[in-house]
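The structure that follows is given in the form of structure tokens.
The values are calculated or read from the model by the stated rules, or taken from the named source; none is laboratory data. Model, not experiment: these values are computed from the prediction. Using ideal geometry, Cβ is built from the backbone for each residue, glycine included, and neighbour counts are taken over all protein chains shown. Please note that ligands, DNA and RNA were not included when accessible areas were found on the heavy atoms of the full protein model with its side chains. Shrake-Rupley method; radii C 1.70, N 1.55, O 1.52, S 1.80 Å.
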Amino acid sequence: MKLHLTHAEGNQLITAYAKGSVSINHQAYLTSLIVLPKEIKTDWIVSNFDALTFHDFEFIAALAPELVILGTGET
């Protein structure tokens, strides 16, 4: 997938991704996280796709996102 954005206007910007990591504003993250326009939640403790529960999706829904991109690793 290739995404393009010329500027983030103060929002979080996905600047790179690789096997096992994603970079937000040029900072690499190696663990599960939630990226919101003005905030990055690094305390989301979901370790893998199989560990996701209904509660996890309720938590995301409560944030009222316009779009959800769920990265699941290699599978």
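When only residues in the stretch 11-25 that are within 14 Å of residue 71 (Cα to Cα) and in a loop (DSSP other than H, G, I, E, B) count, which is least open to solvent (accessible area, probe 1.4 Å)?
20
Filter the stretch 26-36 down to the residues that are exposed (fewer than 13 other Cβ atoms within 10 Å of the Cβ) and in contact with a Ser or Thr (Cβ under 6 Å, 6 or more places away or on another chain), then identify the one that is farthest from residue 61 (Cα to Cα).
Among those that are exposed (fewer than 13 other Cβ atoms within 10 Å of the Cβ) and in contact with a Ser or Thr (Cβ under 6 Å, 6 or more places away or on another chain), it is 26.
Given (1) assigned to a loop (DSSP other than H, G, I, E, B); (2) at pLDDT below 90, identify the lone condition not met by residue 64.
All conditions pass for residue 64, except number (2).
Which pairs do you get when a residue that is hydroxyl-bearing (Ser, Thr, Tyr), found in the stretch 21-36, comes within reach of a residue that is open to solvent by 70 Å² or more (accessible area, probe 1.4 Å), reach meaning Cβ atoms under 6 angstrom, with the pair 6+ apart or on two chains?
Listed pairs, sorted by first residue: 21/30.
Among the listed residues 28, 8, identify the single one that is among the small types (Gly, Ala, Ser) and at pLDDT 90 or above.
Of the residues listed, the single one that is among the small types (Gly, Ala, Ser) and at pLDDT 90 or above is 28.
Testing residue 44 on (1) in a loop (DSSP other than H, G, I, E, B); (2) open to solvent by 80 Å² or more (accessible area, probe 1.4 Å), one condition comes back false. Which one is that?
Looking at each condition in turn, residue 44 falls short on (2).
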